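Working notes for the structure below.
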Amino acid sequence: MESFVTLKDVRKIYKMGEVEIRAADGIDFEIEKGEFAVVVGPSGAGKTTVLNILGGMDTATSGQVLIDGEDITKYKPKQLIGYRREDIGFVFQFYNLIPNLTALENVELALQICKEPLDAETVLREVGLEKRMKNFPAQLSGGEQQRVSIARALAKNPKLLLCDEPTGALDYNTGKAILKLLQDTCREKGMTVILITHNSAIAPMADRVIHIKNGKVSKIIQNDHPVPVETIEW
Amino acid sequence: MKKKALRKEFWMAVRKSKGRFFSIFFIVALGVAFFSGIRSSEPDMRISGDTYYDETNMMDLKVQGTMGLTEDDITALSKVEGVERVEGGYSVDAVTKIGQNEKVVHIQSDLPTINDISVSKGRMPETVDEILLDEDFMESSGYQIGDKIRFSSGTADEITDSLASEEYEIVGAGSSSCYISFERGSSLIGNGEIAGFAVVLPDAFSMDVYTEAYLLVEGAREETAYTDGYDERVKEVKERVEDIADARCEERLSQIREEADIEISDSEQELQEAREEADRQLAEAGQKISDSEKQLSDGRQQVVDGQEALASGKEEIDSRKGTLQEAKDQYESGMRELQTGKDELDAQRKSFQAKRDAAYDEFDRQEAILKENEEKLAQTAELIESGEAEIAKQEPKLEEARKSLEEGKEKLNAAKEIFLKEKEKAEAEIAEKEQEIQEGQEKLDELSRQIEEMERQIEENPDLSDILTPVLEDLKKQWKEGDEKLQDARQQIEEAKTQLKEKEEELNIQEAKLAEMEKTLESSERMLAEKKEQLADAKVQYQAGIEKLNAGKQALLDAKEEAEKGFAMGEAQIQEAEAKLQSAETQLMDAENQIISGEKLLSEAENLLAEKENQLSEAQQAILSGEKELAEGKEEYEKQKREAEEQFKEAEQKIADARAELDEIGLPTWYVSDRDILTEYTSYGENADRMRAIGEVFPELFFLVAALISLTTMTRMVEEERGQIGTLKALGYGKKSIAGKYLLYALLATLGGSVLGVLVGEKALPYIIIYSYRIMYTHLPHIVIPYQWSYAAMATAAALACTLLATLYACYKALAAQPAELMRPPSPKEGKRILLERIGFIWKHLSFIWKSTIRNLFRYKKRLFMTLAGIGGCMALMVVGFGLKDSIMCIGTLQYQELQVYDGMVYLSDTITDQEKADTKELLSDMKNVDGYAEADMRRVQVSANDQGDAESVYQCIVRDKDDISRFLVFRDRKSQETYELTDDGVILTEKMAKTLDVKKGDKIYLGAEGEEKKEVTVTDICENYMEHYVYMTENLYEEVYGAVPEYNTLLFDLKDNSQKKLDQTGEKILKQDGVMNVTYTNSIEDQLNTMLKSLNLVIVVLIISAGMLAFVVLYNLNNINITERRRELATLKVLGFYDNEVSSYVYRENILLTFLSILIGMGLGWILHRFVITTVEVDVVMFGRVINWQSYLYSALFTVAFSLFVNWVMYYKLKKIDMVESMKSVE
């Protein structure tokens, strides 16, 4: 079976005058549909570059990125926007909610541009925010804001959920709760989730762990028995 | 240099944020330029004026005495403390005629050093009969240098009472600092309006005392005109001059009295002498009258005699004329007959000529035919001859041929005979030979049988062969020989036969030849015979032709002879007729000569008679006129006598009056006035004040916006660098060093902007403003625009205060916080529910996107108010700019097309007689193009709100027909447009004056000519009016109030066709009327007004452009801030998959909403501001319109929208450039 996400020899090279910076230097990996994948690596290893390329925010210098069989490296800018619009749900480290929209409205904002969105209230209820829908971001805690952010991503009904250090700005317990939410979403809805973190302690909960170092994949671990989040500690 | 790093960071910050730095720089520059520029315009206007005044030594004080000023007065004035210089001068108002119009000219004497004239063309007058004219007047009147100009006094007095002569030569044109614009003041003569001034030498005046004295005040020159310093300095001296006035006046009075006494006694003396002289003259006249009477009666007798002689002469001539006429008739009938005779003869001659010509032509034709026939015959004869010759030649030849033929035949026959003989012989020989051959053959055949026999024997007996063989051989040999001989014989026969045959053939050929020859000969003979026959025929014909020809010739000759005979006869007849006519003509000629001489004689006689008659009628005429003269002379004599008596009586009365008057004469007065009596001097000062009024409103608003912009920008900067501030603080830098950076940043931008603003603004704006005022004040030569450091300092200080305080305020919050707090992202602005959300039914109907937009607007309140204030302010400025234009430009139309709807005005002279007035009115009602006219009395009077208060000047207009006047003048309320009727209850006052006096409907006002008692009237209505002030009243009211009948001095008229051409035509006709002083046209006043008001256009354009620039800077800056602040939010939207235009519209929606809100606010604000500005910039005699046209709102709004669109367009690219990676960054 063809993998759902495939990166083949993806390179991203920035030219700063004379100097070439190889942010991604031939990355290869595959992720199956419905998997919970974690991309781990130290700062500057190229995690974010991978994420940007996967999220359609940046284009690879060379190589192939196949999402559900489509090679997005060949997309034109406008197609890339469409890709972001329809296929990708993005969870930011700093939630990036629109401050003067309520939780519900923030979700609706994303739905406005989608073709087959889910119901905003339902999704919010699913992430456990049924009582806080009318609140503005500033009235929510960090974890709650991240839940809104996840709800916003999920409501678009994307093919792929990309999470950029979703627990980075959260405390331990909240972070765990968020990870649980993501894992549950993956398990229950069969959503493909790619989580990017520098925290390798999270790795055991993933189906697949991709280690990146110096712009290359150093190893890929297939985890046949991922552990529940609750059991992980860091 | 201990904080080198910090300093470096500062410069980097400036360089990195050029946009921000320059936005502060330019907004401050704009604000400062506008503030200091407009503010400086006021002092600059004054300085520009003052420079000119000082340059021309313009007077500070003017003293006028009601009885003039003497040399003693001048000396006394010069001794007053504080007076720098005094010069006495003369002046008089005189009337001159320009075409049909009378114009008033103020003639003044040239002062040595005060009120210098700026000569623009030609030179100053140098002799007493030279004059320099006002250059404006020169232009309007069309006079040229070198022209002569004539003056009259315009009153009953002679002009020579005040001027040495009536006529002057124009030697130059110039302007005076006393008259810097179009106004020249008013006069008591003419139409009351001085059209121009003129300068002559003092000696050109014939007055013995000065009319006025001009003073320069010590130290006044150093002060700037229109300032308090100047006013105080002059006022001080003015008071001192007024102090000596009384003493000087008394002195003057006693002097006058003395002079008068002497004059009166002189007069009495003169009267006595005159009386004696008159008596003597009357006596002489009586004598003359009786002489004349006698002469007249002699003359009458002579005339009667002459008339009789004349009558007889006339009869004689008439009878002579009768005879002459008969002779003439006869002559004429003879003449007619002669003519018919001549005509007939001519006709005959002509027909005869024609006939003869035809006959001759016929003869010629006949002759030609004959000649032709003859020629033809001659040709035939020739042919015959040549034919005969030919035949003759042929005949011998034929003969010869026949002969030779005959010979040939004979020869042939002979030859035949010989041949036949020979033949017979030859045939016999042949037969013989053949016999021989036959025999030979038989022998041969026998031989051959022997041979054959032998051969058979040989064969049967070969043995015998030997023996027989020789025999055989021999036999054979014999046979051979016989055969050969036979052969030869045969051949000989053959040959002979052949010879025979040849000979026969030869004969045959010859025979044939001969036969042929015979044939040809025969044909030749036949041809010859034919020819001969032909020839014979031709000869016969020819003979006949010749006979015919000869007969024709003969006939022609006969005919000619006969014709010629006929012609000769005709000619003789014609000649005879001619001779007859000739003699008839000669007779007639004689008759004519006789008639002519008769006529001549007769006309001579008639001439003589006419002459006589003339003489006679002249004589009669002379007698008649003599009689008339005599009668007149008698009457005149009586009249003179009476008049003389009367005059003497009058003179006596006068002397008595003079004595009485002298006793009554009052103390003269002095009027001491300063420059305020010069209307234009004052109005220029008022304009400067008005500029200050503008300067107090506009720049403030401008500045406010600029300050707000700086505040937002600096606040934004501090907020952006929050983290850095925290870091610096954490590192231990003091508050001062940290805040210093931002203060320095603001200081640098502000100072830079201020310097640029002052440098440009204080030069450019005053220049433009004074320049545009010079359209009105044409004679102001200088534009002096020094830097007004006080305003520069004020503007800079204000700008610095604004930006630095704003910076401090922005820093304050940041510096007060703990470093740790600073390094954390600021607690994000809370999203809040807004008021609108509580109004459920509106909120629910808004789309989601609009909800967010509206919440956004209220979230960034500072920005909201900034934008509203900024753009709204700019919009307001533009509305004011356009509105000013509307208000100013509308007044011409409103005043002259809606309120004063008449087309022209006729000013009547004060001295017009009733008859002349009636004639003028009749002319107006008779003219086809005049639709109607109304009578009015227009005079300047003083008006005040109470009987003591300050009086204002106003036109009092008394209307004769109050019901008809609505066709010419519309009284209405400006706001409600309700029209009023003029009633006998009270007056209608114009709006501006009502406001100046602060009177309302129903209030009382006080009216009266200057120096006269004021009368109280009630204001019944207040009407819309823009130019000048008027108080309208009815005739009845006037009579009631003043107790006198008004003297109507004006006719308002309305035309059916008011095109310029028709207007001029009508005006010209009216002007020709006696007693009409002047005609003015509403059209031309309107044009003039519009030209004048255009000077304000430039100021308005400056306003609009500046406002536009401001709007642009504000919009750009605010948008820039908006985008920078929301960079993260916008990046997130992009990550979520918003297209570029969706992201832009997310931002634009707010901008558009803000722009529209601002426009609405700007409209309101503009309306209020416009109101304020319009009332402050108004000139005294003018009221500007109060209405802003809707177009002005539209244009301002469009400009604002355009700026907004442009800025949004620029922003689109900024938005596009936002990097999505921003969304990943942590919150600063």
Quiz item: What does the average come to when, for each residue of peptide B:843-850, you count the partner chain Cβ atoms lying within 10 Å of its Cβ?
Solution: 1
Quiz prompt | Mean projection area, nm², convex hull over Cα of region B:569-723 | solution = 47.9 nm²
Practice problem: Please report the orientation-averaged projected area of region B:930-1055, defined via the convex hull of its C-alpha atoms, in nm². | Solution: 7.5 nm²
Quiz item: At q = 0.26, 0.28 Å⁻¹, what is the log10 ratio I(q)/I(0) for region B:501-573, with the Debye formula run over Cα points and no solvent?
Solution: -1.05, -1.10
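Compute the convex hull volume of the Cα atoms of region B:55-258, divide it by the residue count, and report the result per residue in Å³ as a whole number.
Working: hull volume 25.3 nm³, N = 204.
In region B:55-258, the Cα convex hull volume per residue is 124 Å³.
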Quiz item: Binned at 10 Å from 0, what are the whole-percent values of the Cα-Cα distance distribution for region A:70-192, short to long?
Solution: 14, 46, 32, 8, 0
Self-check item: Values of log10 I(q)/I(0), in the order q = 0.11, 0.13, 0.18, 0.20 Å⁻¹, for region A:1-103 under a Debye, Cα-only, solvent-free model
Solution: -0.39, -0.54, -0.96, -1.14
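How shielded is B:1127-1140 by partner chains, expressed as the average number of their Cβ atoms within 10 Å of its Cβ atoms?
Values: counts 0, 4, 5, 0, 2, 11, 5, 3, 11, 16, 16, 7, 6, 3.
That works out to 6 on average.
Packing-wise, with mean Cβ within 10 Å as the measure, how do B:785-792, B:289-296 rank, highest first?
For the peptides B:785-792, B:289-296, the packing ranking is B:785-792, B:289-296.
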Quiz prompt | Cα-based convex hull, chain B, per residue volume (Å³, whole number) | solution = 683 Å³
Practice problem: Within 10 Å, count the other beta carbons around each residue, average over each peptide in A:190-197, B:632-639, and list them highest first. | Solution: A:190-197, B:632-639
Quiz item: What does the helix-only formula give at 222 nm for the protein assembly as shown: each DSSP H stretch with n ≥ 4 adding -39500 (n - 2.57), the total divided by the residues, and the result rounded to the nearest 500 deg cm²/dmol?
Solution: -22500 deg cm²/dmol
Quiz item: Any idea what Rg and Dmax come out to for region B:1078-1153 if you just take the C-alpha atoms, in Å?
Solution: 24.9, 84
Exercise. Sticking with the crude label model, points 7 Å out along Cα→Cβ, report the distance from B:Glu332 to A:Cys114 in nm, one decimal please.
Key: 13.4 nm
Self-check item: lysines whose Cα lies under 17 Å from that of A:Lys78, excluding same-chain neighbours fewer than 8 positions away
Solution: A:Lys115, B:Lys1134, B:Lys1216, B:Lys1217
Quiz item: Considering only Cα-Cα distances, which of the following residue pairs are longer than 26 Å: A:Lys12/B:Lys8; A:Lys8/A:Lys47; B:Lys416/B:Lys519; A:Lys74/A:Lys189; A:Lys47/A:Lys180; B:Lys921/B:Lys1061?
Solution: A:Lys12/B:Lys8; A:Lys74/A:Lys189
Self-check item: Chain lengthening between B:Thr893 and B:Phe841 when straightened (0.36 nm per residue, less Cα-Cα)
Solution: 13.7 nm
Quiz prompt | Cα-Cα P(r), the protein assembly as shown, percent of pairs per 20 Å interval | solution = 6, 17, 16, 12, 11, 9, 8, 9, 7, 4, 1, 0, 0
Quiz prompt | Set of lysines with alpha-carbon distance to B:Lys423 below 20 Å, sequence-local pairs under 8 removed | solution = B:Lys411, B:Lys433, B:Lys497, B:Lys501, B:Lys503
Quiz item: Among B:723-734, B:55-66, how do they line up from the highest to the lowest mean number of other beta-carbon atoms within 10 Å?
Solution: B:55-66, B:723-734
Exercise. Determine the equivalent ellipsoid of region B:27-174 by diagonalising the alpha-carbon gyration tensor, then write out the semi-axes as square roots of 5 times the eigenvalues, largest first, rounded to whole Å.
Key: 36, 25, 14
Quiz item: Over all residues in A:90-97, what is the mean tally of Cβ atoms on other chains that come within 10 Å of each residue's Cβ?
Solution: 5
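Mind checking the full-extension length gain between B:Asp361 and B:Lys995? Use 0.36 nm per residue of separation minus the Cα-Cα distance, one decimal, nm. It would help to have the intermediate numbers written out before the result.
Numbers: separation 634, 0.36 × 634 = 228.24 nm, distance 12.08 nm.
Taking B:Asp361 through B:Lys995 to full extension adds about 216.2 nm, to one decimal.
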Quiz item: Out of region B:111-184, which GluC sites (Glu not before Pro) are coil in DSSP terms and have no more than 13 other C-beta atoms within 10 Å?
Solution: B:Glu126, B:Glu158, B:Glu183
Quiz item: What spacing in nm lies between the two simple spin-label points modelled at A:Met16 and B:Ala414, each 7 Å away from Cα in the Cβ direction?
Solution: 16.4 nm
Exercise. Would you mind estimating how fast region B:187-239 diffuses translationally, via Stokes-Einstein at 37 °C and 0.692 mPa s with the Kirkwood radius over Cα pairs, in µm²/s?
Key: 225 µm²/s
Quiz item: In Å, what Rg and Dmax follow from the Cα atoms of chain A?
Solution: 17.3, 56
Quiz item: Short version: ³J(HN,Hα) in whole Hz for each residue of region B:424-437, in order, from phi by Karplus 6.51 cos²θ - 1.76 cosθ + 1.60 (θ = phi - 60°), x for Gly and Pro, what are they?
Solution: 4, 4, 4, 5, 5, 4, 4, 4, 5, 3, 5, 4, 4, 4
Quiz item: lysines within cross-link reach of B:Lys1001: Cα-Cα under 28 Å, excluding same-chain residues under 8 positions apart?
Solution: B:Lys962, B:Lys975, B:Lys992, B:Lys1014, B:Lys1015
Self-check item: Per-q log10 I(q)/I(0), region B:700-786, q = 0.12, 0.16, 0.22 Å⁻¹ (Debye; single scatterer per alpha-carbon; no solvent)
Solution: -0.58, -0.78, -1.07
Practice problem: Write down the radius of gyration of region B:243-343 and its Dmax, each obtained from C-alpha positions, in Å. | Solution: 41.5, 122
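Rule-based calculations on the coordinates, nothing more; no lab input. Note that the structure is predicted; figures quoted are calculated from it, not measured. FYI the Cβ positions are ideal-geometry reconstructions off the backbone, even for glycines, and counts take in every protein chain you see.
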